[in-house]
Amino acid sequence: MTDLATRDTLAVPTLDVAAVRADFPILARQVHGRPLVYLDNAATSQTPRPVIEVFDDYYGRYNANIHRGLHTLADEATAAFEGTRETVRAFLNAAEPREIVFTRGTTEAINLVANAWGRANLKAGDEVLISRLEHHSNIVPWQLLARELGFTIKVIPVDERGVLDLDAYARLFTERTRLVAVNHVSNAFGTVNPVRELARIAHDRGALILVDGAQAAPHQAVDVRDIDADFYAFSGHKVYGPTGAGVLYGKAELLEAMPPWQGGGEMIATVSFERETTFAAIPHKFEAGTPAIAEVIALGAALDWVSRVGIAAIADWEARLLAHATERVSRIDGLRILGTAPDKAGVLSFVVDGAHSQDIGLLIDQLGVAIRTGHHCAQPLLHHFGVDATCRASFAAYNTLEEVDVFGEALERVIGMVR
Ligand code: PMP
């Protein structure tokens, strides 16, 4: 049994939200003369002090390029960078650090799989299953490649709650199905997908599964071995870390068999004009060029921060925030929630009769409340539900029940203004 599984069976620890908030300097600021209520966490979470401090420490003390130096600063930077690989391994419960590839984020991680694994393994007539819940970053890389290689993309349907139809999913498989690309948690609706079950079915049918974990990693314990994910991606900036650093997990035997996707320094063993150039072992084969060193180290600090607060405590707290917010907005006349899955992460998407989402977003900002409006990079999903845009409030560890009340009152006020 894993550490995470053990922790899940114990009583859920409570989260001290005042202590959590004290770590985030940005939460003290005012917006339009009011205290900031930041409910756009699914787009980017805010950054705690230990993560911010990494940049001062790194650039003030040991800024150096990694891996190839033989001096003290280079050694220190390399140790901190590679230390984060181990932190990420533990965070995902991966078997080995070499299964962790650093990328710029989820988008780059998925593009890596498409271009390295996809190009080598997909051909005309093959099939890739993609869920209707996907973010554009788990659709468009596959469409670009399909246009070139001629494979077919099939869509896993959702029901009226935004829950994947598992029977339809199982029926989509043929002997040509090679890959399932699905998110763990939907950024637009908050649906938590049964990725373990999806993986089991995919593997039974001889297909691989790539899980986009951008919205899961910040909100629940992730165990890639328990899921049996072949690939798992997430972004630092949604998990209290910086922009510019993200992760691709891949099973070692898959990564080893994949060709590189970008060439350059760091990813080679030997380079020659006379003989074939040879490549570094994984994960370095996929990390061409100088990476975002400070950002990766800061991502490690962010995951350490999450571990200190406790991911189970965060999940429990966000469930309370979501329940409170759902109950509060449900009282508003003409408001319709999109995404009513029984298993949801801290995302509340809604539309309001007679009020344009963008107007709501702009006006509620005047009251200090930051929510997101638009298509949330999930146009196929929103169009399926007959809308172009929704308002989305999304929660993080530092949000409070009082903030949810402020949001509810502000929302009622702006709806009254635009109707
Ligand atoms: N997948 C999902 C589910 C997301 O929510 C996001 C970010 N909104 C992405 C992928 C893309 O992440 P990034 O922009 O950090 O690459």
Using a Gaussian network model of the chain whose springs link C-alpha atoms within less than 10 Å, name the residue from G264, G386, G206 with the highest mean-square fluctuation. G386
How about K285: which lysines have a C-alpha closer than 24 Å to its C-alpha, ignoring those fewer than 8 places off in the same chain? K123, K251
Most fluctuating of G289, G244, G236 in the GNM of the chain (C-alpha, under 10 Å) is G289
Label zone at A120, where the point sits 7 Å out along the Cα-to-Cβ direction: the stretch 260-282 residues whose backbone N lies under 13 Å: 260-262, 279-282
At what distance in nm do the modelled label points of I26 and E148 sit from each other, each positioned 7 Å from its Cα along Cα→Cβ? 3.4
Through the Karplus equation 6.51 cos²θ - 1.76 cosθ + 1.60, θ set to phi - 60°, convert the phi angles of the stretch 312-325 into ³J(HN,Hα) values in whole Hz; use x for Gly and Pro. 5, 5, 5, 4, 5, 5, 5, 5, 5, 4, 5, 4, 5, 5
Between R34 and R320, take the C-beta separation as r, use R0 = 35 Å, and let me know the FRET efficiency to the nearest 0.05. 0.90
Cα-centred dipole magnitude for the stretch 278-328, charges only on beta-carbon of K, R (+1) and D, E (-1), debye, nearest 20: 20
Once phi for every residue in the stretch 275-289 is put through the Karplus expression 6.51 cos²θ - 1.76 cosθ + 1.60 (θ = phi - 60°), the whole-Hz ³J(HN,Hα) values, with Gly and Pro written as x, are 10, 5, 5, 10, 10, 5, 6, 5, x, 5, 4, 9, 10, 5, x
GNM on the chain, C-alpha springs below 10 Å: top fluctuator among H284, H384, H375? H384
Given just the C-alpha atoms of the chain, how large is their convex hull per residue in cubic angstrom? 149
Kirkwood-based Rg/Rh on the Cα set of the stretch 119-263 evaluates to 0.94
Might you report the magnitude of the Cβ-based charge dipole of the chain about its Cα centre, with Lys and Arg at +1 and Asp and Glu at -1, to the nearest 20 debye? 540
Sort the following peptides by mean Cβ neighbour count (other Cβ atoms within 10 Å, averaged over residues), highest first: 22-32, 294-304. 294-304, 22-32
Using a 1.4 angstrom probe on heavy atoms only, work out the carbon and sulfur share of the accessible area of the chain in %. 51
Once amide hydrogens are built 1.01 Å from N within the peptide plane, the residues lying 5 or more places from G374 or on another chain with amide H under 5 Å from its amide H are T390
Percent antiparallel among DSSP beta bridges (both partners in the stretch 126-204, rounded to 5): 20
Using only Cα atoms, figure out Rg for the stretch 330-419 and give it as a multiple of 2.2 N^0.38 Å. 1.04
Taking placed amide H atoms and a strict 5 Å upper bound, the residues 5 or more places from T152 or on another chain that come that close are G125, D126, E127, V128
What spacing in nm lies between the two simple spin-label points modelled at M417 and E96, each 7 Å away from Cα in the Cβ direction? 5.8
Normalised contact order of the stretch 126-165, rounded percent, pairs of Cα under 8 Å and 6 or more residues apart: 50
Report the Cα centroid-to-centroid distance between the stretch 307-329 and the stretch 389-419 in angstrom, as an integer. 16
Burial ranking of peptide ranges 90-101, 318-329 (average Cβ count within 10 Å, highest at the top): 90-101, 318-329
With each pseudo-label sitting 7 Å past Cα toward Cβ, what's the R275-T14 distance in nm, one decimal? 6.6
Compute the FRET efficiency between V387 and R205 as 1/(1 + (r/R0)^6), taking r as their Cβ-Cβ distance and R0 = 35 Å, and round to the nearest 0.05. 0.55
Check: C-alpha center the stretch 211-289 vs C-alpha center the stretch 51-81, spacing in Å is 21
About its Cα centre, what dipole magnitude does the stretch 112-162 give when the only charges are +1 on Lys and Arg Cβ and -1 on Asp and Glu Cβ, stated in debye to the nearest 20? 120
Here the Kirkwood hydrodynamic radius of the stretch 204-301, Cα-based and in Å, equals 15.2
Enter the accessible area per residue of the chain (Å², integer; probe 1.4 Å; all protein chains in place). 42
Please give the FRET efficiency for T290 paired with R61, using the beta carbon to beta carbon distance and R0 = 25 Å, rounded to the nearest 0.05. 0.85
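The values are calculated or read from the model by the stated rules, or taken from the named source; none is laboratory data. Since this is a predicted model, take the numbers as computed values, not measurements. Glycine gets a Cβ as well: all are built from the backbone with ideal geometry, and neighbour counts include every protein chain shown. Surface accessibility is based on the protein's heavy atoms, side chains included, excluding ligands, DNA and RNA. Shrake-Rupley method; radii C 1.70, N 1.55, O 1.52, S 1.80 Å.
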